[in-house]
1. Rounding to the nearest 10 and keeping the result within 0 to 90°, find how far the Cα-based axis of helix 222-236 lies from the longest principal axis of the chain.
2. Which of these, 435, 376, 89, has the largest mean-square fluctuation under a Gaussian network model of the chain (Cα springs below 10 Å)?
3. What ranking do 162, 82 get, fewest neighbouring Cβ atoms within 10 angstrom at the top?
4. Only Cα pairs within less than 10 Å get springs; with that Gaussian network setup on the chain, which residue of 99, 225, 75 has the largest fluctuation?
5. Take peptides 428-434, 248-254, 339-345, 307-313 and line them up by average Cβ neighbours within 10 Å, highest first, as a rough protection proxy.
6. Run the helix sum for the chain: -39,500 (n - 2.57) per DSSP H stretch of 4+ residues, divided by residue count, reported at 222 nm to the nearest 500 deg cm²/dmol.
7. What is the distance, in nm, between label points placed 7 Å from the Cα along the Cα-to-Cβ direction at residue 90 and at residue 371?
8. What angle, in degrees between 0 and 90 and rounded to the nearest 10, separates the Cα long axis of helix 306-316 from the longest principal axis of the Cα atoms of the chain?
């Protein structure tokens, strides 16, 4: 009887905290979430208040680095690396689910938990490598957005870079009106990318038998294909967004008790599956389009240069397909640049408990990209190399994440199951193994 009484009390108690004092838009979301958790909203209406965090995270999975690696992979190797894209996106679902769960269960983001539980020297090391990863991320996203402006409007790259900063500032400013406007804007930009590549795949008329073979039968062809595979992996499973996702869920909808947190997590799993599923389809569409348009014509190197991709699409598909590609690249770069800046704030605040104004951080991170653009370095090459570099930061985010999410004392009823733990171990081992092999091939190519 005592247990039933406790359950009844919990059922009648508020399931969400923080409604009072929230901004009007946020308060509506929190009240809707309360009704969902209490069973008053069902079906798709029950899920709606919880959609958003994974869509922000998903932007990092379809950023300009993905454009570069997918275009390069598809044009050079045809449909062969589609299985890498599929595997990387399944890994992303697992990783982002665990990151979201950490924020829900603990009310802390991943860098904060690292600061709480690791020795100071380890925390400093993790912070420094995370900042380097953030720089590589910002570089790729900023250069990609500038390249998009250049392709669509013919604006010189340096001026396009400055305009990219202005656009990113505008998106970041939406946070002043609460999380919902920012989420809606980012989701709309994701929608632009989805529509663009859906149209391009249909016009490219791919060989669907080869698509199925490349998607489900693993195959690699030498160290060059491994370099691209690691680049695709680095462009898909992004270290900075592993940190960010836990921050997006830690204070968005806060469960008032363990049962509420468990229900919130189940709704957030739906958010992750939808958002990462869309991102996965976009990545598959990118590589498929490059394979059907360029590899099938023997243009094996064109995908390594996004300017050539733009011109090639116009030449071979027509119907302003190149322009649509440029618009998608611009939407990707602007949205992911804003998300990357948010992640940088989480990294600094979490690891060393310091914070600088987000607009100042955006201005600082513009500098390396502007130097690169001003030096006339090939922006497409910079995008591919940045993604390879990013893959080396994944283990430093993954290993702490697995350590914490499997800890029942920390996570309570949201601790990883044994199956989840083993899947996470496998993902981390695969990523580390690929990186070690890539290093070996780079420094000892004749061995």
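1. Long axis of 222-236 versus the principal axis of the chain: about 40 degrees.
2. 376
3. Numbers: 162 15, 82 29.
So the residues, fewest neighbours to most, are 162, 82.
4. Among 99, 225, 75, the largest GNM mean-square fluctuation belongs to 225.
5. On the way: 428-434: 15.6, 248-254: 23.0, 339-345: 25.6, 307-313: 21.3.
Packing order, densest peptide first, comes out as 339-345, 248-254, 307-313, 428-434.
6. Numbers: 21 runs with 347 residues, N = 447.
Calculated at 222 nm, the ellipticity per residue is -26000 deg cm²/dmol.
7. 4.1
8. Long axis of 306-316 versus the principal axis of the chain: about 70 degrees.
None of the figures in this text is laboratory data; all of them are computed from the coordinates on show. These numbers were taken from a predicted model, which means no experiment stands behind them. Positions of Cβ are generated from backbone atoms using ideal geometry, with glycine treated the same way; all protein chains shown enter the neighbour counts.
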